[in-house]
Amino acid sequence: MIWYPYCQMKTAEPPIKISHAKGVHLYTETGNDLIDSISSWWCVIHGYNNSELNNAITQQVNNFSHVMLGGLTHDPVQKLSAKLSEWLPEDLDYCFFSDSGSVAVEVALKMALQFNTNRNSTRNKILALEHAYHGDTFKTMEVGDDNDYHFAFGKEKDNIIHIPTTVHALEKAFADFGEQLTCFIVEPLLQGAGGMRMYDVAFLKRARRLCDEYDVLFIFDEVATGFGRTGNRFVADLVQPDIIVLGKALTGGYIGHAVTVANKRVWDGFYDDEPTHALMHGPTFMGNALACCVALKSIELFERNNYLEKIKKISEILKRETENFADPRIKEIRIIGACLCIEVFDKSTLNGFKQFAYDNGVFSRPFLNCMYTMPPYIIDDEDLVKITDTMKAWFLR
Ligand SMILES: Cc1ncc(COP(=O)(O)O)c(C=O)c1O
């Protein structure tokens, strides 16, 4: 029996069985053709079955698929870390690989906490955002702000402070707790699983200054926002964090892999003769050679095919297609980069939309009060408009 994610197995609808996929299209076992409007949880940025990505993996398979990084190393992981160091802004150069976004966020938090114990600091609080989502492992659930996870912690999460994305709340949190904070972790500009909430870069700029003033590490969880989703390569191109976490699109959605990249200051906090100052972490599959090869090719495609232009065009089409669209059940329509969210007042408004989309040749998966699309960047205009038409048609029935 397969235990499927985020559902009550007793009442869940059976999942749609996919037999093959190409480009932005998923083909079902029963012969249906569906446009994937959400890039398989936002990671398949080049679409499915891309011949160059396929080749990158198959070439490496014939060499070796995996060797551990404990005491061993290899070309693909060295090339990927060199590429990321060169590609990421400023001195975000020190790459710790892991197998999923959640684990990579765990590593970022562990880095921040140990950075402080290594320098004999007693700081013990973490600042995070209301509606934050950083993964499903324990520490990520703790910094997250999702009622579904509160069973694990009771009501209180003693050392975690959650604030809304207003400059006022930010300044108050630093004034009240600044001296006790180890780090401030955010999904920058776009909070995904917490409800596709978008906020202004001014908040991040102010936060950067406060982190400097109070000596607090700033962590960007760009597992969802990285690689173009907000219209920026990384939000870190606009405001620089001390630690950035990348996952999902890192491998073009081919293989689960993620990376926590620290700046020189964080690295230096661990780099000394004292063995207890080492970062004691080591996922079995960190730096997996197949994942590294496909990630390198994915970055090459991103650069060579000028994805930022593609994302800009997607954004323009999303705006054009939803511009004057309104319905009394809609609370807000918002867009950032290649992400459109239609938020409704009452979540029951979306009951049945998934089936409706399916019947119209679109795979969608609304959650909370959100109907949304985050398409693969290779989507053509016609398929993109089919997605927005389907979303609008739900309200026009
Ligand atoms: C911002 C953010 N961080 C972390 C994660 C967790 O990544 P993973 O599912 O690869 O563990 C997600 C997944 O949706 C995410 O959106």
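All of the numbers you see were taken from the coordinates with simple rules; none came from a lab. No experiment lies behind these values; they were computed from the predicted model shown. With ideal geometry, Cβ positions are generated from the backbone for all residues, glycine too; neighbour counts draw on all protein chains shown.
Observations on the structure shown:
- Radius 9 Å from Cβ of Cys341, net charge of other residues (Lys, Arg +1; Asp, Glu -1): 0
- Farthest positive-ward along the stretch 245-397 dipole, Cα basis, beta-carbon charges - from Pro283, Phe363, Leu396: Leu396
- Within the chain, helix-based [θ] at 222 nm, where runs of 4 or more DSSP H residues each add -39,500 (n - 2.57), nearest 500: -10500 deg cm²/dmol
- Each Lys and Arg Cβ is given +1 and each Asp and Glu Cβ -1; about its Cα centre, the stretch 53-304 then shows a dipole of about 460 debye.
- Looking at the stretch 53-304 alone, DSSP beta bridges between its own residues are antiparallel in about 45 percent of cases.
- Cα point-scatterer Debye curve for the stretch 1-133, base-10 log of I(q)/I(0) at q = 0.20 Å⁻¹: -1.34
- Among the chymotrypsin sites (Phe, Trp or Tyr not before Pro) found in the stretch 18-104, those both in a DSSP coil and sparsely packed, with 16 or fewer other Cβ atoms within 10 Å of their Cβ, are Phe64.
- Among the trypsin sites (Lys or Arg not before Pro) in the stretch 101-146, those located in a DSSP loop and surrounded by at most 12 other Cβ atoms within 10 Å of their own Cβ are Arg119.
- Rounded Å value of the spacing that divides the Cα centres of the stretch 38-99 and the stretch 312-343: 33 Å
- For the chain, the residue among Thr137, Ile243, Val344 whose Cα projects farthest onto the positive side of the dipole built from Cβ charges is Val344.
- The order of Leu181, Leu368, Leu350, going from fewest to most other C-beta atoms within 10 Å of their C-beta, is Leu368, Leu350, Leu181.
- Between the helical axis of 381-396 and the longest alpha-carbon principal axis of the chain there is an angle of about 80 degrees.
- With respect to the chain, whose longest principal axis is taken over its alpha-carbon atoms, helix 75-87 is tilted by about 90°.
- Of His46, Val167, Asn306, farthest towards positive along the dipole that unit charges on Lys, Arg, Asp, Glu beta carbons give the chain: His46
- Largest-first principal axis extents of the Cα set of the stretch 53-304 (Å): 56, 42, 38
- Most mobile of Ala108, Ala224, Ala278 in a GNM of the chain (Cα contacts under 10 Å): Ala278
- For Ser65, neighbours were defined as the other residues whose beta-carbon sits under 15 Å from its Cβ, and their charges (Lys and Arg +1, Asp and Glu -1) total -2.
- Order of Lys354, Lys172, Lys10, Lys17 under a 10 Å beta carbon neighbour criterion, fewest first: Lys10, Lys17, Lys172, Lys354
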